[in-house]
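Enquirer: Just passing along the structure, written as structure tokens.
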Amino acid sequence: MKTFSRDGKPVAVLALMAISACALTLLSGITTGLTYTDWESAIRSIGLTLQHLRPIHESFAFAWVFLGGVAVAHAWLISIGGPFDSAERKRFGIMIGLWVTAGVGILVTLLAGRFTGREYSGYNPIFSAMIFAGWLLFAWNFFGRVGFSLRGQPVYVWMWTAAIPLFAITFLEAHAYTFDWVSRQPIRDIAIQWKANGVMVGSFNLLAYGSMMWVGGKMRGDDRYSRSATAFLLFAVGVVNTFTNYGHHTFHLPQTPWVHWVSFLISMAEVLLLARVVIDLWGWRRDPIPSDLAVPDRFARSATLWTTLMLMMAIGMSIPPLNSLIHGTTVVTAHAMGTMIGIDSMILWASLSWLIRQLTGPEEGVVNSRWMRRAVTVLDLALAGFLIVFIIRGVASGLERQLGPSAPDWSQFVAVFPVLMVTFGLVLAVTVIWIVIRWMIVLIRVLRSGEILGK
């Protein structure tokens, strides 16, 4: 197998775009949190409101996970086939141009107050068309090298092969609201929106899981796990879950109970399998880790921890009495953010730090620095505090909703919740931004060392 370190300009470009989207997600997220504090009037005075900031946060959070997964997939493509040829470089360049244009356009128009109000697609459909066109070019390059036969391929190739068409189909479905026969039927509109968004989340999960499998195997020096029965069972359940997981988000719609039960059981099966795979790949090992893999390993260990915690939380949230207590509260928000940050993002930070190690060599500080490892510990602690205050606030809301005047008095905590949320969120955001800025500097140095797409 060839290395991509000398031919890794496309990987560096995508990694830089991914961590830029990550930084924008965090900046918009912490600013969104400030709108719940006394700073709200100051933020409003510069023309920003929650309505501006929330779709920015959502849009770039999705972009971060998708771009991170695509960066790892490109690293694998180059590792198996060498540098892109002329046609592949042209398609790659157009793809990057479309996505950068769409990203800048989304940011500018949302800041200008031009939004659709849709969940995860709050920007103008013109930019959606650019994203979709770029995705088709990515698919062209991917399948042009891999082909459509999966016989004998490891599970991460199956995951990426499934994720690419799943995203394309459901991205189109998420824009069904542009047709009157959907937007004028509220129940149909909500059902389609949640189904489409659920499958899109499933597609970026498959991108992240595939990244985990490939990079985890490379770090272990053993790719056999990606061909194991457990790995393929995770893939199978994950694909089924992409089509069913929306059901446990639509309890308020007139749907039959079996829809919710199927969604619940399959979602739990996927999370259980994911926990098993993560522990197998990146569990708490006693054998020493090479210093040049210290940072990727530290992120991987965090992914193991948070996968276990989010599994426990998901099971608890799915118990009917508890679900009725916390549904629609910040407990659900905590689980969503815990999953996005603790699982998907930790996996991608581990993967991208490993990619940077391959691009720069084992001596690079961002992959062996003691301060970088300590930053991951700070990140874990800040995320834990952040989620705990959201959980307590959500439980307080649920009890007040169910018990009314006889509910316990949580007013003091409710009063300080915005301050606690912003404090932990700020520590989390500053820590991640410090990490990714260092990565950006390294990636820019890599890109300046030669032509953008390599030879």
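The values are calculated or read from the model by the stated rules, or taken from the named source; none is laboratory data. The structure presented is a predicted model; accordingly, all values stated were derived computationally and were not measured. Please note: Cβ atoms are built from the backbone with ideal geometry, for glycine as well, and neighbour counts cover all protein chains shown. With ligands, DNA and RNA removed, areas are computed over all heavy atoms of the protein, side chains included. Shrake-Rupley method; radii C 1.70, N 1.55, O 1.52, S 1.80 Å.
Enquirer: Could you check how many residues of the stretch 160-202 are open to solvent by less than 10 Å² (accessible area, probe 1.4 Å), in contact with a Leu (Cβ under 7 Å, 6 or more places away or on another chain) and modelled with pLDDT of 90 or more?
Expert: Residues in the stretch 160-202 being open to solvent by less than 10 Å² (accessible area, probe 1.4 Å), in contact with a Leu (Cβ under 7 Å, 6 or more places away or on another chain) and modelled with pLDDT of 90 or more: 2 in total.
Enquirer: On the given criteria, is Ile164 in contact (Cβ under 8 Å) with a residue 40 or more places away in the chain, under 30 Å from Leu274 (Cβ atoms) and part of a helix (DSSP H, G or I)? Reasoning before the result, please.
Expert: Details: in contact (Cβ under 8 Å) with a residue 40 or more places away in the chain: no; under 30 Å from Leu274 (Cβ atoms): yes; part of a helix (DSSP H, G or I): yes.
It is false that Ile164 is in contact (Cβ under 8 Å) with a residue 40 or more places away in the chain, under 30 Å from Leu274 (Cβ atoms) and part of a helix (DSSP H, G or I).
Enquirer: Pairs only if they're at least six apart or on different chains, beta carbon under 6 angstrom, first in the stretch 417-439 and over 12 Å from Leu387 (Cα atoms), second open to solvent by 20 Å² or more (accessible area, probe 1.4 Å) and outside any helix (DSSP H, G or I); list them, first residue then second.
Expert: Pro418/Tyr36; Pro418/Thr37
Enquirer: Do we find that Trp282 is over 18 Å from the mean Cα position of the chain (by Cα), of a type in the set (Phe, Trp, Tyr) and over 30 Å from Ser397 (Cβ atoms) in this structure? Explain how you work it out, then say what you get.
Expert: Numbers: over 18 Å from the mean Cα position of the chain (by Cα): yes; of a type in the set (Phe, Trp, Tyr): yes; over 30 Å from Ser397 (Cβ atoms): yes.
Here the answer is yes, as Trp282 does meet what is asked.
Enquirer: Got at least one residue in the stretch 94-114 being hydroxyl-bearing (Ser, Thr, Tyr) and either open to solvent by less than 30 Å² (accessible area, probe 1.4 Å) or under 17 Å from the mean Cα position of the chain (by Cα) (or both)?
Expert: Step one: filter the stretch 94-114 for residues hydroxyl-bearing (Ser, Thr, Tyr), giving 101, 109.
Subsequent filtering for residues that are either open to solvent by less than 30 Å² (accessible area, probe 1.4 Å) or under 17 Å from the mean Cα position of the chain (by Cα) (or both) retains 109.
Checking the stretch 94-114: at least one residue is hydroxyl-bearing (Ser, Thr, Tyr) and either open to solvent by less than 30 Å² (accessible area, probe 1.4 Å) or under 17 Å from the mean Cα position of the chain (by Cα) (or both).
Enquirer: Looking for something open to solvent by less than 10 Å² (accessible area, probe 1.4 Å) and under 20 Å from Gly8 (Cα atoms) - is there at least one such residue anywhere in the stretch 372-380?
Expert: The answer is no; no qualifying residue exists.
Enquirer: Next question. Which of the residues belonging to the stretch 126-142 are closer than 21 Å to Phe115 by Cα and aromatic (Phe, Trp, Tyr)?
Expert: Phe127, Phe132
Enquirer: What number of residues within the stretch 384-425 satisfy the criterion of being closer than 20 Å to Ser345 by Cα and out of contact with any helix residue (DSSP H, G or I) (no Cβ under 6 Å at 6 or more places or on another chain)?
Expert: 2
Enquirer: Out of (1) at pLDDT 95 or above; (2) open to solvent by 30 Å² or more (accessible area, probe 1.4 Å); (3) not acidic (Asp, Glu), the odd one out for Ile46 is which?
Expert: (1)
Enquirer: Sticking with this one: Which of (1) crowded, with 17+ Cβ neighbours inside 10 Å; (2) more than 22 Å from Ala21 (Cβ to Cβ); (3) at pLDDT 80 or above is the odd one out, the single condition Gln358 does not satisfy?
Expert: Checking Gln358 against (1) crowded, with 17+ Cβ neighbours inside 10 Å; (2) more than 22 Å from Ala21 (Cβ to Cβ); (3) at pLDDT 80 or above, the one that fails is (2).
Enquirer: Looking at Leu428, Leu453, Leu447, Leu443 in this structure, which one is at negative phi and at pLDDT 95 or above?
Expert: One residue alone meets the criteria, Leu428.
Results for (1) within 30 Å of Asp297 (Cα to Cα); (2) more than 21 Å from the chain's Cα centre (by Cα), shown as yes or no for each residue.
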{"position": "Arg374", "(1), (2)": "yes, yes"}
{"position": "Phe386", "(1), (2)": "yes, no"}
{"position": "Gly398", "(1), (2)": "no, yes"}
{"position": "Leu403", "(1), (2)": "no, yes"}
{"position": "Ser406", "(1), (2)": "no, yes"}
{"position": "Pro418", "(1), (2)": "no, yes"}
{"position": "Val430", "(1), (2)": "yes, no"}
{"position": "Leu443", "(1), (2)": "yes, no"}
{"position": "Arg448", "(1), (2)": "yes, yes"}
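Enquirer: Out of all the residues in the stretch 75-90, which are surrounded by 18 or more Cβ atoms within 10 Å (Cβ to Cβ) and free of Cβ contacts under 8 Å to residues at least 60 places away in the same chain?
Expert: Glu88 - this is the single residue of the stretch 75-90 that is surrounded by 18 or more Cβ atoms within 10 Å (Cβ to Cβ) and free of Cβ contacts under 8 Å to residues at least 60 places away in the same chain.
Here is a yes/no grid of residues against (1) modelled with pLDDT under 95; (2) open to solvent by 20 Å² or more (accessible area, probe 1.4 Å); (3) in contact with a Pro (Cβ under 6 Å, 6 or more places away or on another chain):
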residue	(1), (2), (3)
Ala18	no, no, no
Trp39	yes, yes, no
Leu67	no, yes, no
Ala73	no, no, no
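Enquirer: Right, another one. Which of the residues spanning the stretch 11-60 are in contact with a helix residue (DSSP H, G or I) (Cβ under 9 Å, 6 or more places away or on another chain), hydroxyl-bearing (Ser, Thr, Tyr) and either without any contact (Cβ under 8 Å) to a residue 40 or more places away in the chain or not in a loop (DSSP other than H, G, I, E, B) (or both)? Can you show your working first?
Expert: Taking the stretch 11-60 first, the residues in contact with a helix residue (DSSP H, G or I) (Cβ under 9 Å, 6 or more places away or on another chain) are 11-40, 42-43, 47-50, 52-60.
Filter again for hydroxyl-bearing (Ser, Thr, Tyr), leaving 20, 25, 28, 31-32, 35-37, 49, 59.
Across the stretch 11-60, the qualifying residues are Ser20, Thr25, Ser28, Thr31, Thr32, Thr35, Thr49, Ser59.
Enquirer: What are the residues in the stretch 406-426 that are crowded, with 16+ Cβ neighbours inside 10 Å and closer than 19 Å to Gly394 by Cβ, if any?
Expert: Start the filter on the stretch 406-426 by keeping residues that are crowded, with 16+ Cβ neighbours inside 10 Å, which leaves 410, 417-418, 420-426.
Those that are crowded, with 16+ Cβ neighbours inside 10 Å and closer than 19 Å to Gly394 by Cβ: Trp410, Phe417, Pro418, Leu420, Met421, Val422, Thr423, Phe424, Gly425.
Enquirer: While we're looking at this one, here's another question. Pairs only if they're at least six apart or on different chains, beta carbon under 7 angstrom, first in the stretch 237-248 and buried (at least 19 other Cβ atoms within 10 Å of the Cβ) and part of a helix (DSSP H, G or I), second among the basic types (Lys, Arg) and modelled with pLDDT of 65 or more; list them, first residue then second.
Expert: Between residues of the stretch 237-248 that are buried (at least 19 other Cβ atoms within 10 Å of the Cβ) and part of a helix (DSSP H, G or I) and residues that are among the basic types (Lys, Arg) and modelled with pLDDT of 65 or more, the close pairs are Tyr246/Lys195.
Enquirer: When you go through (1) more than 19 Å from Thr32 (Cβ to Cβ); (2) crowded, with 21+ Cβ neighbours inside 10 Å one by one for Ala429, which number turns out not to apply?
Expert: Condition (1) is where Ala429 drops out.
Enquirer: Going through the stretch 181-234 one residue at a time, which ones are not in a helix (DSSP H, G or I) and not hydroxyl-bearing (Ser, Thr, Tyr)? First the steps, then the outcome.
Expert: Our first condition is that a residue be not in a helix (DSSP H, G or I); within the stretch 181-234, this holds for 184-185, 221-223, 228.
Passing the criteria: Arg184, Gln185, Gly221, Asp222, Asp223.
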